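Please read the structure below before turning to the comments.
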Amino acid sequence: MRQIRTIALFSCVALVLVGSSLLTPGLADGGSNHRVRNLHLGVSGGNTNDRSRLYCCSGTLGSLVTDGTTTYILSNNHVLARGDQATAGEDVSQPGMIDNNCNVATVVADFSIASPLGSNVDAALAQLRTGTMDPTGFIEDIGVPSGNVVNPSVGLSVAKSGRTTGFTAGTIGSVNTSVNVQYQKSCGQGKKFTVGYTNQVVINSSSFSAGGDSGSLIVTNNASHNPVALLFAGSSSSTIGNPIGEVLSKLSTVSGRSITFIGGVSSPLGGQALLNQGEQQPFIPGLGQGRSLPQQAIDHASAVLEQNRARFMAQPGVIGVGVGASDKDDGEAAIVIYVDRTSGARPQFTDTLDGLAVRVVHTDPFIAF
């Protein structure tokens with residue numbers, strides 16, 4: 001999510017506008033260190049051309065990746081590539097213009113490539129300029145992430161470090177989630193359009209993210225900091241992330257080279273294998289681990305969801321549907337349906353479907369800022 005600042009036409013004072021009600025109190029460090037010049041990742045930044053006559057926009061420079069030769073900053077397409085509108089070589093600054101009175105601050109990278117919107121990820125890379133950011137990939141308030149990615153799972157405790165809310169922690173509420181996300185053609189203005197995504201990660205929390213946190217790397221909430229997802233959108237009650245494995249795969253396809261994280265030493269077993277062996281690490285201070293679902297329950301819920309996904313998504317007001325935990329027993333799987341409470345629609349659902357609980361989450365539209 002980007003945050004938008006108006007350019008003052010008759011004064012040197014600018015007004016920050018948050019494009020939704022996402023900015024809510026919660027488990028966050030306030031993000032003040034994330035909005036100034038900072039060599040770490042997880043901080044304010046963005047494309048210096050992401051502005052209009054009245055507005056400038058910025059997001060979060062999430063983490064560092066490499067193709068084996070070149071180091072890149074990983075963030076969102078709508079943060080680094082201006083929603084498919086950037087050309088290679090455009091400047092990326094830190095902090096972003098939103099935090100520098102809509103003026104260009106230190107240029108730290110040059111936009112390189114993006115997976116186009118509609119490819120099921122919102123991701124882009126900018127080639128890092130030497131000496132401008134910590135080359136270890138250290139993320140503010142988190143540390144150096146692992147080189148091992150972890151598949152998202154319901155109940156997994158996760159954390160992120162972003163421009164607006166700083167460090168926050170939460171648990172994954174649903175996976176394999178189809179969502180409709182709203183975009184706007186230009187910074188703060190222009191035509192609005194919707195992009196559909198499948199197999200997304202949703203954290204159900206009003207305090208996990210806010211406008212300006214888009215591009216943050218979501219990691220496991222333990223000492224390993226395994227990458228899980230790339231934050232790109234949200235609402236007043238939920239945060240949405242692209243599964244990080246698909247992000248790396250899509251960017252590798254676009255670049256023609258394998259993209260991997262710069263961070264901790266990778267194991268040949270991979271992060272998921274390490275977790276499956278029962279390796280436990282102390283949590284970063286934050287929320288505790290949620291209760292995980294048995295694989296058999298996940299498989300059954302996923303099968304039921306696939307049979308009904310199109311029907312649910314076609315109902316007026318429905319903006320997402322995925323697999324989560326029952327609100328009565330978090331050890332049981334459920335179909336989770338996200339309904340836009342601002343739409344005026346009142347879709348009706350049964351309490352159960354093929355033996356599964358059906359949970360309805362009323363929220364605002366999912367928006368990429």
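The values are calculated or read from the model by the stated rules, or taken from the named source; none is laboratory data. In this text, all values refer to a predicted model and were calculated from it rather than measured experimentally. Glycine gets a Cβ as well: all are built from the backbone with ideal geometry, and neighbour counts include every protein chain shown.
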For residues that are hydroxyl-bearing (S, T, Y) and buried (at least 24 other Cβ atoms within 10 Å of the Cβ), scanning just the range 70-92, find the one that is nearest to the chain's Cα centre (by Cα). S75
Can you tell me which residues in the range 354-369 are of a type outside the set (D, E, K, R), touching a helix residue (DSSP H, G or I) at 6+ places or on another chain (Cβ under 6 Å) and either on the phi > 0 side of the Ramachandran plot or part of a strand (DSSP E or B) (or both)? L356
Please identify the pairs in which a residue from the range 350-365 that is farther than 17 Å from E332 by Cα and in contact (Cβ under 8 Å) with a residue 24 or more places away in the chain has its Cβ atom under 6 Å from the Cβ atom of a residue that is among the small types (G, A, S) and assigned to a strand (DSSP E or B), counting only partners at least 6 apart or on another chain. T363/S238
Residues satisfying the stated conditions in the range 149-172, i.e. more than 15 Å from L230 (Cβ to Cβ), under 14 Å from the mean Cα position of the chain (by Cα) and of a type outside the set (V, I, T): G166, F167, A169, G170
Using the structure shown, decide if R311 is part of a helix (DSSP H, G or I) and either within 24 Å of S235 (Cβ to Cβ) or not assigned by TED's automatic domain parsing to the domain that holds S236 (or both). yes
Residues in the range 85-130 that are touching a strand residue (DSSP E or B) at 6+ places or on another chain (Cβ under 7 Å) and either part of a loop (DSSP other than H, G, I, E, B) or not assigned by TED's automatic domain parsing to the domain that holds I259 (or both) total 15
Is there any pair with a first residue in the range 35-49 that is closer than 8 Å to Q94 by Cα and a second that is part of a loop (DSSP other than H, G, I, E, B) and modelled with pLDDT under 95 whose Cβ atoms are under 8 Å apart and which are 6 or more apart or on different chains, and what are they? G46/R2
Exception for I4 within (1) at pLDDT 95 or above; (2) assigned to a strand (DSSP E or B) falls at (1)
Meets criteria (out of contact with any Cys (no Cβ under 6 Å at 6 or more places or on another chain) and either modelled with pLDDT under 95 or crowded, with 23+ Cβ neighbours inside 10 Å (or both)) for V154: yes
Can you name every residue in the range 94-107 that is under 20 Å from L64 (Cα atoms) and crowded, with 24+ Cβ neighbours inside 10 Å? Q94, G96
Checking the structure you have, find out if any residue of the range 190-205 is small (G, A, S), part of a strand (DSSP E or B) and at positive phi. yes
Mind telling me which of the residues L287, L275 ends up being modelled with pLDDT under 95, of a type in the set (A, V, I, L, M), within 25 Å of R359 (Cα to Cα) and not in a strand (DSSP E or B)? L287
Any residue in the range 45-67 that is closer than 19 Å to K192 by Cα, in a strand (DSSP E or B) and polar (S, T, N, Q)? yes
Right, T194: surrounded by fewer than 24 Cβ atoms within 10 Å (Cβ to Cβ), of a type in the set (V, I, T) and within 19 Å of I335 (Cα to Cα) or not? no
